[in-house]
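The values are calculated or read from the model by the stated rules, or taken from the named source; none is laboratory data. Predicted, not measured: the structure shown is a model, and the values here were computed from it. Quick reminder, even Gly has a Cβ in these numbers, built from the backbone with ideal geometry, and neighbours come from all protein chains shown.
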Ligand SMILES: [Zn+2]
């Protein structure tokens, strides 16, 4: 009965429909888990899990919960009162979460942004009037973003604004947001903005709400008197045709979820069919493999219990071992072990009175040394000292549990043993001359849509190369590396055994967590195993616990799956773009992605140039996603991942960006689709039904729309490689004579770094670099109060320098840019 209930709990996650792959086992097949052996450890079933929706008060609680080993990676979102997310938990863990202060939500309790105007401006107006007496020029409000978008017939406005008094808590500064109804109309519809605080640090105020008419301007008023207005911009471009709209363009190749063997077979086939533009790169570090030691916990879970593990992998003989605890007649008998083939018989000691006299600790020690090499790990259960007297037991068959298939597992056997991860390399010139783009999917095993998205991308490239001009441009001008599954062992485990598996299959646990009932809790979170901003260095969001779903591993880059990515970056130095594809969440991330919680110290922020380039690229990529079925990834879910979501220590993006200068995106595909029927945003799942509801939750639709986005990323890379155009920049307003102090800033025709001086010297790469006012905001404003001469030059992302100026040569021409702001009084 217990097993049946467990299956139901697991099926909360996936409902698998319409895939040949996932057809049920043929009639007459042996039911999963049955076996000829008479006895099997009664602890073979890992604890039952279920999915719950939770609310956390903030990032500090999130860090504590993650550090305690809980599984809450995906589907997390920021809400004004903290963070909401989903957790895969046992009943016991659910109680622990509650004890830590985590709220378990019922469905209807999830946060949704209100779309009602609250008319609160009047009272704030009064407060503003009261505060006006103490108003100083430092008390400012700035609008960071005011974004308009539509999806499925509904308009939305998203606003972020900051007050310089945002950190103040007594009283908390409140902000009111109004919008007009188009050019020239009045401000109205006041709403109170949500104050977003993370790790004790004020971030900004923000709101997302429905609107039927696109506003032209917004106005934000703080309770201490600051006022700012801002123009409303369009978030994402509407009406951009996706490549799939080109005449004759072929798409929609992937027809169901693909397990690792299918993914590897298909990309090998592609390389054989299209040898002129494709090849396989076999990554050098082999995985642990879909294999485990055979195990059993014998004698309950008390002080008399013994946990045994085979020396050989299960499929290499471990599964044939049996262990028996034998009570012999007589008295004064020593503890001994007899081995006959693969049968291990422990002859329990007897005392002078003829009573059993071997403790679990003694039996474990004897098994390790006297089993003829069959058993190399034996210990008391979990943290027990093993002081109990071991009782006799019939022969128990050890097992690696990998033959126990979950309901709905695909047909076929999974090859055992280490796996070689493959990258499919596509490009006409695969010699380093073109910019490289690395797409890495399924670091997390249960995320099946990233794998199909990556495979669909490969199919589109090779099938359209001869016939579609845009595709030919991509293949001729980029060097693409596609890893459809970077965690094949875990992915196999997710397909065949434990659908919610996230990590790889390597067990690093010491004895207290090494018993087989813990087997679904082992493994390393591959996206916490990297070197920059790691938990070892004090960053939040990676765990030291080997049974945590964000376990970072025993050391940085301990895992072959992570070593391979570093190997690729070092071997192919032309790789300049990277996308780590995850699900599910509807988010697009870059740096910073980790911080030290105390003081909220992030990894270094990208300079303004890279930040603007990331935003520009994100807009293009997400506009292509939207073009498929109007899925909008909202601006609140785009940016530095630790700014908009949470800190993830040791993630791959931080490493590739900071170590190699690679533009490194992270993507959470799926989820957060607006449902016009309910008026709410609907979340997705790791393994949505393949066909499902094509307008809402559907693995197929997600695969198609996000493949559009990856194709756009290739176009960005191709253009970047061809970018020899010098950037141009200007000071706004420009040089001239002004009657009083004037505010100036730099503008450019593309994302650039601007280096400037105001002391008359030549600008160099060591001069001050123009920066953002604050994160997620545009460039800073200089308040010029006396006559000042600016010298500057700009550098774009491809390294082109404005006017061909050479900042390194002191003797060179002074062809940098110059402007003098003359203040006449
Ligand atoms: Zn993931």
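Some values worked out for this structure:
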| quantity | calculated |
| --- | --- |
| Candidates 445, 517, filtered to the one that is touching a residue at least 12 places away in the same chain (Cβ under 8 Å) and either surrounded by fewer than 24 Cβ atoms within 10 Å (Cβ to Cβ) or touching a strand residue (DSSP E or B) at 6+ places or on another chain (Cβ under 8 Å) (or both) | 517 |
| Cβ-Cβ under 7 Å pairs, at least 6 apart or on other chains, segment 70-96 side farther than 22 Å from residue 503 by Cα and in the same structural domain as residue 501 (by the TED database), far side within 16 Å of the ligand (Cβ to nearest atom) and modelled with pLDDT of 75 or more | none |
| Any hit, segment 308-324, residues being assigned to a strand (DSSP E or B) and farther than 20 Å from residue 514 by Cα | yes |
| Selected residue (only one of 266, 214 is within 33 Å of the chain's Cα centre (by Cα), part of a loop (DSSP other than H, G, I, E, B) and modelled with pLDDT of 95 or more) | 214 |
| Qualifying residue in segment 361-384 (condition: in contact with a helix residue (DSSP H, G or I) (Cβ under 6 Å, 6 or more places away or on another chain), assigned to a loop (DSSP other than H, G, I, E, B) and touching a residue at least 12 places away in the same chain (Cβ under 8 Å)) | yes |
| Which numbered condition residue 543 misses (of (1) surrounded by fewer than 24 Cβ atoms within 10 Å (Cβ to Cβ); (2) more than 23 Å from residue 414 (Cβ to Cβ); (3) away from the ligand (no atom under 16 Å from the Cβ)) | (3) |
| Odd one out for residue 467 among (1) assigned to a loop (DSSP other than H, G, I, E, B); (2) touching a residue at least 24 places away in the same chain (Cβ under 8 Å); (3) touching a helix residue (DSSP H, G or I) at 6+ places or on another chain (Cβ under 9 Å) | (3) |
| Strands (runs of 3 or more DSSP E) wholly inside segment 726-825 that include at least 2 residues being closer than 30 Å to residue 201 by Cα | 742-748, 752-757, 782-784 |
| Verdict on residue 468 being assigned by the TED database to the domain that holds residue 700 and within 16 Å of the ligand (Cβ to nearest atom) | no |
| Residue identified as over 30 Å from residue 503 (Cβ atoms) and under 46 Å from the mean Cα position of the chain (by Cα) among 301, 359, 369, 287 | 369 |
| Given (1) more than 30 Å from residue 377 (Cα to Cα); (2) modelled with pLDDT of 95 or more, number of the condition residue 238 does not satisfy | (2) |
| All positions within segment 427-447 that are within 11 Å of the ligand (Cβ to nearest atom) and in a loop (DSSP other than H, G, I, E, B) | 442, 443, 444, 445, 446, 447 |
| Yes/no for residue 532 being touching a helix residue (DSSP H, G or I) at 6+ places or on another chain (Cβ under 6 Å), surrounded by fewer than 23 Cβ atoms within 10 Å (Cβ to Cβ), farther than 28 Å from residue 433 by Cβ and in contact (Cβ under 8 Å) with a residue 40 or more places away in the chain | no |
| Checking residue 225 against (1) modelled with pLDDT of 95 or more; (2) over 34 Å from the mean Cα position of the chain (by Cα), the condition it does not meet | (1) |
| Hits in segment 476-514 (condition: in a helix (DSSP H, G or I) and either surrounded by 24 or more Cβ atoms within 10 Å (Cβ to Cβ) or outside the structural domain of residue 550 (by the TED database) (or both)) | 488, 489, 490, 491, 492, 493, 494, 495 |
| Boolean, residue 386 is away from the ligand (no atom under 16 Å from the Cβ), at pLDDT 95 or above and within 24 Å of residue 662 (Cα to Cα) | no |
| Lone qualifier among 691, 669, 732, 652 - being farther than 22 Å from residue 253 by Cβ and in contact (Cβ under 8 Å) with a residue 40 or more places away in the chain | 652 |
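Every residue, every condition in (1) in contact with a helix residue (DSSP H, G or I) (Cβ under 6 Å, 6 or more places away or on another chain); (2) in contact (Cβ under 8 Å) with a residue 40 or more places away in the chain; (3) at negative phi, yes or no:
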{"position": "140", "(1), (2), (3)": "no, yes, yes"}
{"position": "148", "(1), (2), (3)": "no, yes, yes"}
{"position": "161", "(1), (2), (3)": "no, yes, yes"}
{"position": "166", "(1), (2), (3)": "no, no, yes"}
{"position": "179", "(1), (2), (3)": "no, yes, yes"}
{"position": "196", "(1), (2), (3)": "no, yes, yes"}
{"position": "211", "(1), (2), (3)": "no, yes, yes"}
{"position": "214", "(1), (2), (3)": "no, yes, yes"}
{"position": "235", "(1), (2), (3)": "yes, yes, yes"}
